[in-house]
Amino acid sequence: MPVKTELATPEEPKRPRKSRRSRANNEGSIFPYKNGWAGYVWVTTPEGKKTRKWAYGKTREETHEKWLKLHELAGKGPVVTKSPKLSDYLAYWLTNVVEPNLAPKTAANYEMFARLYITPALGPKRLDKLTVRDVQTWVNKLRRSCQCCDQGKDAARPKIHSNPKRRQHCCAVGSICKHARSAEAKPGMASTMRESVSCRTTPAGPPTSK
């Protein structure tokens, strides 16, 4: 009886072994993404949840630089993964930073500048989307805008009053009084914006927007 022989098959090429070097704790990954690069780092949120925090850039070098900063931030403590709106952040900043650490009069001035000038114009902006151009446009508008128009002061006045200055007389009746901010107020508004934004990179950070 003839003996069956198996046909020899070519030997499958061996795949290169992957390096077994373990990654450092919290180390993320950087890879091509859409028209640029993306990278992430595992972080712990203020609520104690482990999640990814992402960094993006047009080049790998740019993304890697952002990744390194994010990695350093993750090593310092909890990291906020969702950026709040400026209005939410200002409320947090006034309550948790300004009021406990500054004199009552100074805190009241910061609150007034934030409520009347910053929040109405820039409040809906997310912190991570707020740019130098946004702030400069806001500053330029402040220099030429009418205070009565922006804050609705004239509309809040009665239509009829014995004193012409106390009844509606400009914006509410189709005229512009060009009541610009005083020279003393402008540095205060700029200082409020500068001081609040300079605190936005604290490790724990404010509550995030829903």
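Okay, here's what the table says:
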read-out: Any hit, the stretch 70-85, residues being touching a helix residue (DSSP H, G or I) at 6+ places or on another chain (Cβ under 8 Å), closer than 30 Å to Ser145 by Cβ and open to solvent by less than 60 Å² (accessible area, probe 1.4 Å); value: yes
read-out: First in the stretch 131-143 and closer than 12 Å to Ala121 by Cα and in contact (Cβ under 8 Å) with a residue 24 or more places away in the chain, second anywhere and outside any helix (DSSP H, G or I) and not basic (Lys, Arg), Cβ under 9 Å, 6 or more apart; value: Leu142/Ala180
read-out: Yes/no for Glu47 being assigned to a loop (DSSP other than H, G, I, E, B), open to solvent by 60 Å² or more (accessible area, probe 1.4 Å) and not hydroxyl-bearing (Ser, Thr, Tyr); value: yes
read-out: Sole residue being basic (Lys, Arg), modelled with pLDDT of 90 or more and either out of contact with any Phe, Trp or Tyr (no Cβ under 7 Å at 6 or more places or on another chain) or farther than 29 Å from Leu142 by Cβ (or both), chosen from Lys14, Lys18, Lys66, Lys82; value: Lys66
read-out: Of all residues in the stretch 50-64 being under 19 Å from the mean Cα position of the chain (by Cα) and open to solvent by 70 Å² or more (accessible area, probe 1.4 Å), the one that is farthest from Tyr33 (Cα to Cα); value: Arg52
read-out: Trp67 being of a type in the set (Phe, Trp, Tyr), open to solvent by less than 20 Å² (accessible area, probe 1.4 Å), closer than 30 Å to Thr44 by Cβ and in a helix (DSSP H, G or I); value: no
read-out: Filter result (open to solvent by 40 Å² or more (accessible area, probe 1.4 Å) and of a type in the set (A, V, I, L, M)) within the stretch 96-134; value: Val97, Leu102, Ala103, Ala108, Met112, Leu116, Ala121, Val132
read-out: Tally of residues being open to solvent by less than 90 Å² (accessible area, probe 1.4 Å) and either at pLDDT below 80 or among the hydrophobic types (A, V, I, L, M, F, W, C) (or both) across the stretch 159-193; value: 21
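The values are calculated or read from the model by the stated rules, or taken from the named source; none is laboratory data. Since this is a predicted model, take the numbers as computed values, not measurements. All Cβ positions, even for glycine, are placed from backbone atoms using ideal geometry, and neighbour counts span all protein chains on display. Side chains included, ligands, DNA and RNA excluded: accessible areas come from the protein's heavy atoms. Shrake-Rupley method; radii C 1.70, N 1.55, O 1.52, S 1.80 Å.
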